[in-house]
Amino acid sequence: MAVFHALLSGGSRASVVTALLAAGIVGLLTACGGAKDGDKTKQAAAAAPVPTVVVMDVVQKTVPIYAEYVGQTDARETVEIRARVQAFLEAQHFIEGTVVKKDQLLFTLDRREYEAKLQQAKAELEGAMARLGKAETDERRLKPLAERRAVPQQDYDNAVANLQTAQAGVSAAKSGVVEAELNLSYTRITSPITGLIGKRLVSPGNLVGKGEATLLDTVSSIDPIRVNTTISEAEYLRFFATRNERGNGPGQLELILADGSVYPYKGKLAIVDRAVDQKTGTLNFSAEFPNPAGQLRPGQFGRVRAVAEMAKDAILVPKRAVQEIQGMKTVLVVGADNMVALRTIQPGETVGDLLIVSSGLKPGERVIVDGIQKARPGSKVNPTTAPAAGATDQPADASAAKSAPAAAKSASKAGAK
């Protein structure tokens, strides 16, 4: 602009030359400044940190594949406690909802009526014994006389018949005594098994046993406790094929409770039903689990977990390394040059926190398990091996927190310049 102004104003030739030189210097300075800013941009791009990710090796080994079956707990033995004679319920001798021992006294009934009947039966027995003694004496006395024909044969035959009748009377009286003693013993009601007793159904003071054996309570054995479930015919064949290979020792079965927790004691197979149900195509079986603390009660629901088959030389990856992209299961693989590659896999069964991969990976390859969002296919990463589950989260977050202030500080310096 200064040059055009000098020409228009009719300035001297020296003035025009001076204006041209000033314009050239300004342009040169501007070009140098732009080159310097471009160099700074390239340096900032080159100084960008390589993202740090956590990787785990793909492993290959033989692992068990588990199957789960919905089941319900049931007592091995359940006994109803009933009043077998008619009487008033006098007392209760146990605490409801606790474990009772075998032959422990539970209830007592009014004994007086049955004590009197026992005394009566004993008295009848004594009378029958007396009649038997007289009949034996008559038979012994008449026998020699009848042999010498000193008395009519009819008299001796009557004596023999009386003797047999007296003997039968003694047997009937003895059975009456046994029955009376048995009825008297029914007034003391004891537990036939060791188990958990429930809430009483009849309170003391009520008449029980009138016309029927009144139900007073129920006792169930709970240690060990059974879990009843059903399996399909195909699952039955898989399960027993694996069972024959590994044996039927303890610790084969696990129980998952309703809250999702795993029962601490292992179980074993107890009963397999005789035949497959033709209507449903399923087979009933029962497993037994130790229950020393009484944690399990009859009627609870749970899932029985068993080894359905053994996957030999299976390729395993952590489930957290698997992503789903447009319906395909993928993982990010880190190569020997620390370059990231996207790999599509064919997933199989789940084994705990691991996933069986049918195709797409090889043993020894490294897959990203943490920092997946920071990695991009075709880019370079800084891989670190996970020492333990969850142990790499905090260091990764700490390194990211440290790099953020440093980047902000360098940016502020560049802005100041």
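Values quoted throughout were computed directly from the atomic coordinates according to the rules given, and no laboratory measurement underlies them. On a predicted model such as this, the values are computed, not experimentally measured, just so you know. Reconstructed Cβ throughout: ideal geometry from the backbone, glycine too, with neighbour counts over all protein chains shown.
So between residue 284 and residue 78, what do we pick up on full extension, going 0.36 nm a residue minus the alpha carbon distance? Display every interim value, and only then the final one.
Working: separation 206, 0.36 × 206 = 74.16 nm, distance 1.95 nm.
Net length gain for the segment: 72.2 nm.
Note the full-extension length gain between residue 343 and residue 90 as 0.36 nm times their separation in residues minus their Cα-Cα distance, in nm to one decimal.
83.2 nm
Given R₀ = 56 Å, what would the calculated FRET efficiency be for residue 182 paired with residue 266, taking r from the Cβ atoms and rounding to 0.05?
Values: r = 45 Å, r/R0 = 0.80.
It comes to 0.80.
At 0.36 nm per residue, and after removing the present C-alpha to C-alpha distance, how many nm does the segment from residue 57 to residue 148 gain when stretched out fully?
21.1 nm
At residue 275 and residue 136, where each label point lies 7 Å from the Cα along Cα→Cβ, what is the point-to-point distance in nanometres?
6.0
So for 231, 325, fewest C-beta neighbours within 10 Å to most, what's the order? Can you show the working numbers first?
Details: 231 22, 325 9.
By the 10 Å Cβ count, ascending, the order reads 325, 231.
Which order results if 303, 226 are arranged by neighbouring Cβ count within 10 Å, fewest first?
Exposure proxy ranking, most exposed first: 303, 226.
From the residues 114, 156, 133, which one has its Cα farthest along the dipole of the range 46-177 in the positive direction, the dipole being from +1 and -1 charges on Cβ of Lys/Arg and Asp/Glu about the Cα centre?
Farthest along the dipole direction, towards plus: 156.
Quick one: which of 209-215, 257-263 comes out on top by average Cβ neighbours within 10 Å, and what's the full order, highest first?
209-215, 257-263
Going down the list 117/199; 199/266; 101/174; 279/312; 61/319, which pairs span over 25 Å between their C-alpha atoms?
Values: 117/199 33 Å; 199/266 30 Å; 101/174 33 Å; 279/312 35 Å; 61/319 16 Å.
Where the Cα-Cα span goes over 25 Å, the pairs concerned are 117/199; 199/266; 101/174; 279/312.
For a Förster distance of 25 Å, can you work out the FRET efficiency between the beta-carbons of residue 201 and residue 112, rounded to the nearest 0.05?
Details: r = 24 Å, r/R0 = 0.97.
So, using R0 = 25 Å, E works out to roughly 0.55.
What FRET efficiency comes out for residue 164 versus residue 123 if R0 is 22 angstrom and r is the Cβ-Cβ distance? Round to the nearest 0.05. Numbers along the way, then the final one.
Numbers: r = 23 Å, r/R0 = 1.03.
Here the calculated transfer efficiency is 0.45.
Ranked highest first by average number of other Cβ atoms within 10 Å, how do 326-337, 113-124 line up?
Peptide ranking by packing, descending: 113-124, 326-337.
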